[in-house]
1. Take the chain, connect every pair of alpha-carbon atoms lying under 10 Å apart with a spring to form a Gaussian network, then pick out the residue of Asp99, Asp91, Asp179 with the largest mean-square fluctuation.
2. How high is the relative contact order of the chain, in percent, with contacts defined as C-alpha pairs under 8 Å that are six or more residues apart?
3. Among 162-172, 6-16, how do they line up from the highest to the lowest mean number of other beta-carbon atoms within 10 Å?
4. Counting only other residues whose beta carbon sits under 11 Å from that of Ser78, what net charge do I get with K and R as +1, D and E as -1?
5. In deg cm²/dmol, rounded to 500, what helix-only [θ] at 222 nm does the chain give when every DSSP H run of at least 4 residues adds -39500 (n - 2.57) and the total is split over its residues?
6. Would you mind putting 104-110, 240-246 in packing order, based on average other-beta-carbon counts within 10 Å, highest first?
7. For segment 2-247, give the magnitude of the charge dipole about the Cα centre (Cβ charges: +1 Lys/Arg, -1 Asp/Glu; no others), in debye to the nearest 20.
8. I'd like the FRET efficiency for Arg256 and Ile66, computed as 1/(1 + (r/R0)^6) with the beta carbon distance as r and R0 of 22 Å, rounded to 0.05.
Amino acid sequence: MLTIAGSDSGGGAGIQADLKTMLALGVHGMSVIAAVTAQNSVGVQGYWELPVEAVRAQLDSVLGDIGAQAVKTGMLASPELVAVVAEVLADVDAPVVVDPVGVSKHGDPLLAPEAVHTMTSRLLPVATVVTPNLWEVEQLTSVKVEDEAGLRPAAEAILALGPAWALIKGGHLPGRPVDLLTDGVKEYRFSAERHDNRHTHGTGCTLASAVASYLAMGEDVPGAVAKAKEYVTGAIAHGFPLGAGIGPVDHAWRWR
């Protein structure tokens, strides 16, 4: 499985979370680094995009030799990076999970405003599954979700941009967490226990990587999401303090 995302120097999210998730689920992970962040438990102190030619070279290197049975995208930062990734993935015969990373756990922006149109017009149409949180739904579609009833209109707005499936993450709504998965016809709702644990850094990256990992192993989309939800819920339950701020989820919780 291939992840195309940013590097998290604190090890809780991004490329590092993706590779840990893949290992935990028994999948061989490969990576294309699109950006490097200076990041820790209290925030993102800075980020630097890699040159477009460096990202394209990584993509060509991995896909030209090894190939991929699933691809996950995360932080892409700029219109140029979104465009080159979309161009390459349009010719890849494998499921693509797009985590449209727009902001960090601490509220730091990770997607340039001018990149939103490129994301919606170029990358989302090649996606098998898009996994936005509620803030990202609003960023991409201007649809604001305030309760569980708003999940379906949000999913319809995302699907109108071209992906095959939308997974709208409702964990920031009050009450029992509910995520909605739909292809516009079939609909699945996934609920989970809400854990009293603030150490949730890397949750979105981990969920998207788990979905892609299960797709690589042959699950259909609803099955992959169900198994990914079970894995990430356990990882959240076992999240641990690291540094002075928000610690990471525990990718190795099943081994402990």
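1. Of the options given, Asp91 has the highest mean-square fluctuation.
2. Computed over the chain, the figure is 19 percent.
3. Descending mean neighbour count gives 6-16, 162-172.
4. -3
5. Helix-only estimate at 222 nm: -10500 deg cm²/dmol.
6. Working: 104-110: 16.1, 240-246: 14.3.
Going from most to least packed, we get 104-110, 240-246.
7. Value, rounded to 20: 580 debye.
8. My answer for the efficiency is 0.10.
Laboratory data are not the source of any read-out in this text; all were calculated from the coordinates shown. Predicted model only: the values in this text are computed from it and were never measured. Positions of Cβ are generated from backbone atoms using ideal geometry, with glycine treated the same way; all protein chains shown enter the neighbour counts.
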